[in-house]
Amino acid sequence: MADTWFGYPPQKHHVHLSQAFTLMERTREAYAEQESALALTKAPSVMTRALVAVDGAACVRADGDPATAAGLALDVWRQLPPAYRGGLVRSRVESLCQSLPGRTGNTLREALAGC
């Protein structure tokens, strides 16, 4: 039940379900899983909170608001300590960037390029 990435506590289950539903663009279910994951996140888990927030931004894009999605992801990215701007978080932000139409994600793309 510890809030770590070792084992498979319920919190991580909800984080994984959030990502799965986000990828399927089943946003209602994804938002519910995001809330459940955050409710079980007692410690200031930078990684968990960032992943859930990026999933939330991707859901906003899927719901038809790419400009807000880009802004949400940019806020997450700017608040991340540099040590957390790689790996899984970066790949999810990059994936979101690729899904943004036209120039909607330019500021986000610039922020990613700056790291």
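Brief remarks on what is shown
- Selected residue (only one of R61, R109, R85, R103 is among the basic types (K, R) and modelled with pLDDT of 95 or more): R61
- Top-ranked residue of the range 10-31 - restricted to ones that are exposed (fewer than 15 other Cβ atoms within 10 Å of the Cβ) and not basic (K, R), ranked as nearest to L96 (Cα to Cα): L23
- Flag if A43 is open to solvent by less than 60 Å² (accessible area, probe 1.4 Å) and not in a helix (DSSP H, G or I): yes
- Residue check: M47 meets all listed conditions (1) modelled with pLDDT under 95; (2) closer than 20 Å to E110 by Cα; (3) of a type outside the set (V, I, T) but one, namely (2).
- Any hit, the range 67-81, residues being in a helix (DSSP H, G or I), among the charged types (D, E, K, R) and closer than 13 Å to C115 by Cα: yes
- Search result, residues across the range 82-96 that are surrounded by fewer than 21 Cβ atoms within 10 Å (Cβ to Cβ) and part of a helix (DSSP H, G or I): P82, A83, Y84, G87, L88, V89, R90, S91, E94, S95
- Sub-9 Å Cβ pairs linking a first residue in the range 15-33 that is closer than 11 Å to A62 by Cβ and without any contact (Cβ under 8 Å) to a residue 12 or more places away in the chain to a second residue that is open to solvent by 30 Å² or more (accessible area, probe 1.4 Å) and aromatic (F, W, Y), at least 6 apart or interchain, are R28/F21, ordered by first then second residue.
- G64 being out of contact with any helix residue (DSSP H, G or I) (no Cβ under 7 Å at 6 or more places or on another chain) and over 17 Å from H13 (Cα atoms): yes
The values are calculated or read from the model by the stated rules, or taken from the named source; none is laboratory data. Just so it is clear, the model here is predicted, and its values are computed rather than measured. Note that each Cβ is placed from the backbone with ideal geometry, even for glycine, and that neighbours are counted across all protein chains shown. Remember, those area values only see protein heavy atoms, side chains included, never the ligands or the DNA or RNA. Shrake-Rupley method; radii C 1.70, N 1.55, O 1.52, S 1.80 Å.
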